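The values are calculated or read from the model by the stated rules, or taken from the named source; none is laboratory data. All of these numbers come straight from a predicted model, not from anything done at the bench. We place every Cβ from the backbone using ideal geometry, glycine too, and count neighbours over all the protein chains shown.
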Amino acid sequence: MSEVPKPMTGNTMSEKKHVTEPCDSGQINSNLHHLVGVLLEHHKFILGLVFLFAGMSIGYTWLATPMYRADVLIQVEKNAADSLVSNVSDAFAQDQEVKDAAEMALLFSRRVIGEAVSTLKLDIDAKEKVLPVIGTLISRITGDKKYIIVDVLDVPENLQDKTLQLDIISQKKYKIMTGQGDVITGEFNKPTLEGGMSILINKGNSTVGDTFELVKKSKITAINSVIANLSFVSNARDNGVFRVFYQGKDPEKVVSTLNEIAKNYLNQNIKDKSAQAEKGLDFLSKQLTIKKNDLIHAEDALNMYRRNSNSLDMSLEAQQLLKRGVALDTQLNALTIQEVDISQAYTKEYPSYKALLDKKKTIEEERSKINSSIANLPESQQQLIRLSRDVLVGQAVYVLLLQKEQELRVTKASIIGDVRIVDYAELKTGVASLNSKVIIFVSLYLGFIFAFILVLLKTILYKRVEKIEELGQLGVSVLATIPFSSIQGEIIRKEKKGESKKILQHTTLADFDPSDLAIEALRGLRTSLHFAMVESNNNVLMISGVSPGCGKTFISANFSSLITMSGKRVLLLDADLRKGYIHELFSLKNELGLSSFLTSSEVDISKYIQHDERTGLDIIPRGKIPPNPSELLMTARFKFLVSTLSNMYDFVIIDTPPIMAVTDPSIIGRHAGTTMLVVGFAKNTVKEVEISISRFEKSGVSISGLIVNGYVKKATEIYSEGSYYNYGYKYR
């Protein structure tokens, strides 16, 4: 048999001298060990919370409607035919990145999305009205999802984006409640025009009694709803390749919506290109008319001058100046046509536009030099050069415009756009954004973190007595540490279930299993008590507790039995007049007890004393619960009773209520020579013990010692250094 652990007192400084102050690293290790111990101690709570979070996440992933996702692959190509002038150099080409951004803006435009909304009726939302969670659960289990088909739903502006309730009232009829007091009745598959509303509904698979919620979204709301679920990613930006994504709850609608948007985007691109070509043709047509008239006037003026001046030939110098001037004017007119095209898309600050203007300026400066040279010629030669140049330039420009018109007509006829749909969206099995594994994993992680925080807060904010040395700082000796009795715990558990009501009747744990660790610790208390009562003024021992459930009655009953077994005459007095149950432990009658004696005038107390044959213990039970327990304990009869019993027995042990609950122990303690306070291990806080001691002291009652009951080796001690208590022994 191992040695019984020695009681720890508040003066045991000599026992602590061997403990050295840990260094910083040692303190860190100690804190880590303590943290591990705290987590292990609360492992059931942590695991329970983690499993709760996991269960909630599994339920969510099972009940939540998955968001399906589809994608299309689009390529935006460069098209050399999208300019009016096909020989424009690379210096005037649009910047690819700017063009890509413009294309994506077109894809997300209300013009493209709006057509898809109108075509697919995405501005109409109809769904069955079910109970939250429960309705979804039933629908998911049965697989019976009700639906109706709304072909037409036009409502006044004040009802847009509002929820309308549709009830199926018969096999052929329905009624719609607007929420504003209006009720509209209609027939399935027949147009209904009433209250400013136009309705055409197909019954679908709905039955009589079903209820649906209808919403007619405004155009802008429906468009924004689609755009919110639309996104794109560039695969190879240099090649203008993009992947466009769309997500929603209905997989078929997701695919059809995305394909419709892609088609609209492609058609819109072709329309834009055709519109550009049409505008170019209009411009060229007007310019051809103007240039043709100018050419006719120029030819007439030249012929008239030659007839009037009889001048038919030009000098060699004049011919060279004329040739050079015509070439410059032709280039300048070509650049002017290009400027008209570029000015429609860019400002004059754009690099391509600035380069064109610089080139025009250079040509104009060179033409000015030619004009200066012409001015030095004779007047007749100057006039002939000007008129001839007007004719030649007019002819060149007219021919150029005719060529461009013909090219543009060919281009318009062959326009296919510069957008190509590489891959259309398709319905794929299991393509959902609801990643169950990730959700469950994150929930497990969050559950552990949440439980960890709660455990830390509980440990920090409500620090219970888990280290015996903490009580030594209160100035009161710890006379005994009573280990938790596994037998007693099992009995209590079964008694709560009604499975074991007779295991310890007519006896105590001390008699039932004297080898129990708790009983062995009480034997050590018996030795300590001998020294504690040496200086007491009587042989009366009061045992109180800090709070209910700390085990003071267990200690009173078993400690009394142990002393009786040692040959002493002991009386156990149940002074807990409110909730005392000692008579139940020993299966005694409770008609006559302490309350009966205090309310009577009898002097003979023997009739109130009951004897337990098995333990040899004399007991005065509680008696019937009186209306005024505290007042009865303050009477002279109680003082007389305690004094008389003290003279009759070697020990009188009084079991009292907990001090934190009532003031009765403060009254009873004045008649006891020795007072013991039971502290529930891991149940009471150090602050509660301190308050309990203070209450006794204010009543003039001195605490002789503390008894720590229900001690269990905590994980915080297993993983901490310097554990003082270890109950590793057991009687065989």
- Task: Return yes when Phe212 is in contact with a helix residue (DSSP H, G or I) (Cβ under 7 Å, 6 or more places away or on another chain), outside any loop (DSSP other than H, G, I, E, B), surrounded by 14 or more Cβ atoms within 10 Å (Cβ to Cβ) and assigned by TED's automatic domain parsing to the domain that holds Asp123 and no when it is not.
- Result: no
- Residue in the stretch 531-566 that is nearest to Val642 (Cα to Cα), counting only those that are over 60 Å from the mean Cα position of the chain (by Cα) and modelled with pLDDT under 90: Asn537
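Residue-by-condition table, conditions (1) in contact with a strand residue (DSSP E or B) (Cβ under 6 Å, 6 or more places away or on another chain); (2) modelled with pLDDT under 90:
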position: Gly143; (1), (2): no, yes
position: Leu153; (1), (2): yes, no
position: Asp167; (1), (2): yes, no
position: Glu187; (1), (2): yes, no
position: Lys190; (1), (2): no, no
position: Asn202; (1), (2): yes, no
- Only unsatisfied item for Thr507, checking (1) part of a loop (DSSP other than H, G, I, E, B); (2) modelled with pLDDT of 75 or more, is (2)
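Give me the residue from the stretch 595-627 that is aliphatic (A, V, I, L, M) and either in contact (Cβ under 8 Å) with a residue 40 or more places away in the chain or farther than 17 Å from Ile654 by Cα (or both) and, out of that set, surrounded by the fewest Cβ atoms within 10 Å (Cβ to Cβ).
Taking the stretch 595-627 first, the residues aliphatic (A, V, I, L, M) are 598, 603, 605, 609, 617, 619-620, 625.
Next, from what is left, pick out any that are either in contact (Cβ under 8 Å) with a residue 40 or more places away in the chain or farther than 17 Å from Ile654 by Cα (or both): 598, 603, 605, 617, 619-620, 625.
Numbers: Leu598: 22, Val603: 8, Ile605: 15, Leu617: 24, Ile619: 25, Ile620: 26, Ile625: 13.
Only one residue fits best here, namely Val603.
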- Task: State which residue is farthest from the chain's Cα centre (by Cα) when the search covers only the stretch 569-622 and only residues that are among the basic types (Lys, Arg) and within 23 Å of Gly549 (Cβ to Cβ).
- Result: Arg622
- Scan the stretch 184-215 for residues that are touching a Lys or Arg at 6+ places or on another chain (Cβ under 9 Å), hydroxyl-bearing (Ser, Thr, Tyr) and within 18 Å of Thr163 (Cα to Cα) and report the count. 2
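Having 2 or more residues that are of a type in the set (A, V, I, L, M, F, W, C) and under 28 Å from Phe512 (Cβ atoms) is the bar; report the strands (runs of 3 or more DSSP E) wholly within the stretch 577-695 that clear it. I'd like the intermediate steps shown before the answer.
Details: elements: 610-612, 617-620, 651-655, 674-680.
So the answer is 617-620, 651-655, 674-680.
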- Message: Return the residues of the stretch 146-191 that are surrounded by 17 or more Cβ atoms within 10 Å (Cβ to Cβ) and of a type in the set (A, V, I, L, M, F, W, C); say none if nothing qualifies.
- Response: Ile148, Val150, Leu153, Val155, Leu159, Leu164, Leu166, Ile168, Ile176, Ile184, Phe188
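From Thr178, Thr185, Thr163, Thr221, which residue is closer than 30 Å to Ala105 by Cα, in the same structural domain as Ser256 (by TED's automatic domain parsing) and not basic (Lys, Arg)? Lay out the reasoning, then the answer.
Values: Thr178 fails: closer than 30 Å to Ala105 by Cα; Thr185 fails: closer than 30 Å to Ala105 by Cα; Thr163 fails: closer than 30 Å to Ala105 by Cα.
On inspection, the qualifying residue turns out to be Thr221.
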- State whether one or more residues within the stretch 221-232 are at pLDDT 90 or above, of a type in the set (Ser, Thr, Tyr) and assigned to a helix (DSSP H, G or I). yes
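Just to be sure before I move on: is Glu495 assigned to a helix (DSSP H, G or I) and either modelled with pLDDT under 80 or more than 23 Å from His611 (Cα to Cα) (or both) in the structure I sent?
On the way: assigned to a helix (DSSP H, G or I): yes; either modelled with pLDDT under 80 or more than 23 Å from His611 (Cα to Cα) (or both): yes.
Here the answer is yes, as Glu495 does meet what is asked.
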- Query: Among the residues of the stretch 408-429, how many are modelled with pLDDT under 75, over 30 Å from Ser256 (Cβ atoms) and not β-branched (Val, Ile, Thr)?
  - Reply: 4
- Query: Which numbered condition trips up Met533, out of (1) more than 15 Å from Pro658 (Cα to Cα); (2) surrounded by fewer than 15 Cβ atoms within 10 Å (Cβ to Cβ); (3) not polar (S, T, N, Q)?
  - Reply: (2)
- Filter the stretch 81-134 for residues that are within 35 Å of the chain's Cα centre (by Cα), β-branched (Val, Ile, Thr) and under 30 Å from Ile168 (Cα atoms); which is modelled with the lowest pLDDT? Val133
- Message: Which of the numbered conditions does Thr635 fail, given that it passes all the others? Conditions: (1) free of Cβ contacts under 8 Å to residues at least 24 places away in the same chain; (2) closer than 17 Å to Ile667 by Cα.
- Response: (1)
